[in-house]
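Take a look at the structure below.
The values are calculated or read from the model by the stated rules, or taken from the named source; none is laboratory data. For clarity, every value in this text was computed on a predicted model and none was experimentally measured. As a convention, Cβ positions derive from the backbone with ideal geometry for all residues, glycine included, and neighbour counts pool all protein chains shown. For accessibility, only protein heavy atoms count, side chains too; no ligands or nucleic acids. Shrake-Rupley method; radii C 1.70, N 1.55, O 1.52, S 1.80 Å.
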Amino acid sequence: MEGKIKKFGFEDSEKIKKAPPSYSIKGVVSFLNEITNKDDHRPAISLGLGDPSHFKCFRTTAIAEDAVIEAIRSAKFNSYAPTGGIFPARKAIAEYLSKDLPYQLSPEDIYVTAGCKHAMEVTVEVLARPEANILLPRPGYRTYETFANLHHLEFRLFDLLPERGWEVDLDAVEAIADENTIAMVIINPGNPCGSVYSYEHLSKIAETARKHGILVVADEVYGHVTFGSKPFVPMGVYGSTVPVITLGSISKRWMVPGWRLGWLVTSDPTGLLQKCGIADSIKNVLNPAPFSPTFIQAAVPKILEKTTEEFFSKTTDILRAASAFCYDKLKEIPCISCPQRAEGAMFVLVKLNLSLLEDIEDDMEFCLKLAKEESLVIFPGVTVGLKNWLRITFSVEQSSLEDGLGRLRSFCGRHAKKP
């Protein structure tokens with residue numbers, strides 16, 4: 001071909017290049033896994049990612065597995081699913097969630113999504129509009145910040161209070177909310193804190209949101225994964241006080257994050273979200289979106305209705321013991337302080353005292369050196385919004401937890417300042 005060759009028109013995106021860094025949990029953990037010492041004869045241990053499905057002790061119930069197999073073998077669920085999910089799945093989810101509410105959800109309140117993260121993005125996209133802002137917790141799950149940036153929605157951060165069991169600092173919420181604030185996000189049970197909110201605290205959150213005319217986005221992906229003194233209370237209990245969008249999935253309680261079955265729920269018995277068009281917007285956003293596999297949706301009714309309390313109790317018993325063990329062992333390490341033992345989810349958040357360590361400037365350097373020297377991966381707190389803290393998961397096999405915390409103690413001892 002002769003003559004001038006036309007330049008290709010594609011190039012990297014300025015929007016993505018200029019966007020703030022995306023604090024992907026999987027990205028950070030994968031990077032730390034890559035730099036572990038390959039010459040270390042010991043196997044690498046990860047206390048960074050909350051995916052217990054790798055371990056036999058956290059295998060999901062056979063009821064769930066059989067329900068999926070039955071759906072596949074029926075050959076009835078190989079097609080595309082309708083927007084919002086197939087009716088039997090939506091009905092089953094509505095009935096499952098309504099057990100904890102003072103009102104009955106209908107299938108029309110339920111939107112099936114490809115995991116809870118998908119439900120998060122749909123919610124942010126639906127709420128985003130010029131000049132609006134959303135309030136997010138710090139520490140928190142920073143994927144909300146990533147989605148807010150992608151959809152041009154300003155976010156503002158309110159603190160959680162470690163000395164009060166990581167409750168929401170409602171004075172901070174009052175201070176940063178204004179006439180353009182459309183929503184606030186709460187994560188309960190808490191990731192990364194392992195907190196569980198009481199009826200009383202959720203009531204105060206609802207009253208604060210109502211006062212400012214903002215809805216509550218309740219991330220309850222760890223719903224019912226609790227093992228402390230406080231039971232799980234869904235934010236939807238206060239749906240008559242303030243409109244609530246509830247996000248959840250089967251990923252955590254059933255230990256199947258790879259199945260990608262989540263939900264977005266309008267927990268709004270007053271019908272305000274329907275009247276103001278939010279419900280229609282959710283459908284419009286979901287229309288071109290990917291959907292959860294149809295055969296997984298078909299399995300949902302049996303998964304939700306037939307799973308026994310024995311399975312849930314076994315899981316929570318393991319997590320309760322692991323949380324207590326983790327808390328006790330962390331208290332033995334001088335440079336680490338733990339505000340409270342985790343009561344829910346699969347993590348505990350601990351503070352580093354860098355004044356007791358040599359040659360370590362911050363939590364990121366701590367985690368980098370830990371991975372290289374001990375082949376141990378722990379999540380740096382800066383990636384959940386708290387510099388010089390660490391997020392540690394205890395949802396692993398007991399032997400891995402014991403070995404991992406032993407390596408952490410050795411590392412801290414080796415880097416301790418000499419008297």
Subset of the range 377-419 that is in contact (Cβ under 8 Å) with a residue 12 or more places away in the chain and hydroxyl-bearing (Ser, Thr, Tyr) - its residue that is surrounded by the most Cβ atoms within 10 Å (Cβ to Cβ): 393
Residues satisfying the stated conditions in the range 322-340, i.e. of a type outside the set (Lys, Arg), open to solvent by 50 Å² or more (accessible area, probe 1.4 Å) and free of Cβ contacts under 8 Å to residues at least 40 places away in the same chain: 327, 328, 337
Pairs, first more than 19 Å from residue 397 (Cα to Cα) and touching a residue at least 24 places away in the same chain (Cβ under 8 Å) in the range 302-321, second open to solvent by 60 Å² or more (accessible area, probe 1.4 Å) and not in a helix (DSSP H, G or I), C-beta under 8 Å, six or more apart: none
Selected residue (criterion: farthest from residue 234 (Cα to Cα)) from residues of the range 82-114 that are assigned to a helix (DSSP H, G or I) and of a type in the set (Asp, Glu): 108
Test: residue in the range 278-289 that is closer than 30 Å to residue 351 by Cβ and crowded, with 17+ Cβ neighbours inside 10 Å: no
Lone qualifier among 187, 134 - being surrounded by 20 or more Cβ atoms within 10 Å (Cβ to Cβ), in contact with an Asp or Glu (Cβ under 7 Å, 6 or more places away or on another chain) and of a type in the set (Val, Ile, Thr): 187
Pairs with Cβ under 9 Å, 6+ apart, first in the range 353-364 and closer than 16 Å to residue 383 by Cα, second open to solvent by 70 Å² or more (accessible area, probe 1.4 Å) and assigned to a loop (DSSP other than H, G, I, E, B): 362/387; 363/387; 364/387
Residues located in the range 359-373, provided they are of a type in the set (Asp, Glu) and open to solvent by 10 Å² or more (accessible area, probe 1.4 Å): 359, 361, 362, 365, 373
Inter-residue pairs, beta-carbon under 6 Å, first in contact (Cβ under 8 Å) with a residue 60 or more places away in the chain and in the range 259-279, second open to solvent by 70 Å² or more (accessible area, probe 1.4 Å) and polar (S, T, N, Q), 6+ apart: 269/240
Residue match in the range 265-279 (condition: under 17 Å from residue 185 (Cβ atoms), under 15 Å from the mean Cα position of the chain (by Cα) and not small (Gly, Ala, Ser)): no
Qualifying residues in the range 239-263 (those that are within 12 Å of the chain's Cα centre (by Cα) and either open to solvent by 20 Å² or more (accessible area, probe 1.4 Å) or among the aliphatic types (A, V, I, L, M) (or both)) - the one farthest from residue 189 (Cα to Cα): 257
Counted residues, the range 95-114 - those being in contact (Cβ under 8 Å) with a residue 40 or more places away in the chain and under 24 Å from the mean Cα position of the chain (by Cα): 12
Hey, residue 351 out of contact with any Gly (no Cβ under 7 Å at 6 or more places or on another chain), farther than 18 Å from residue 191 by Cα and open to solvent by 30 Å² or more (accessible area, probe 1.4 Å) or not: no
Hey, residue 200 in a helix (DSSP H, G or I) and either crowded, with 23+ Cβ neighbours inside 10 Å or in contact (Cβ under 8 Å) with a residue 24 or more places away in the chain (or both) or not: no
Those residues of the range 205-216 which are in contact with a helix residue (DSSP H, G or I) (Cβ under 6 Å, 6 or more places away or on another chain) and either open to solvent by 20 Å² or more (accessible area, probe 1.4 Å) or not small (Gly, Ala, Ser) (or both), in sequence order: 208, 216
Meets criteria (open to solvent by 80 Å² or more (accessible area, probe 1.4 Å), over 29 Å from residue 286 (Cβ atoms) and either at pLDDT 95 or above or in contact with a helix residue (DSSP H, G or I) (Cβ under 9 Å, 6 or more places away or on another chain) (or both)) for residue 59: yes
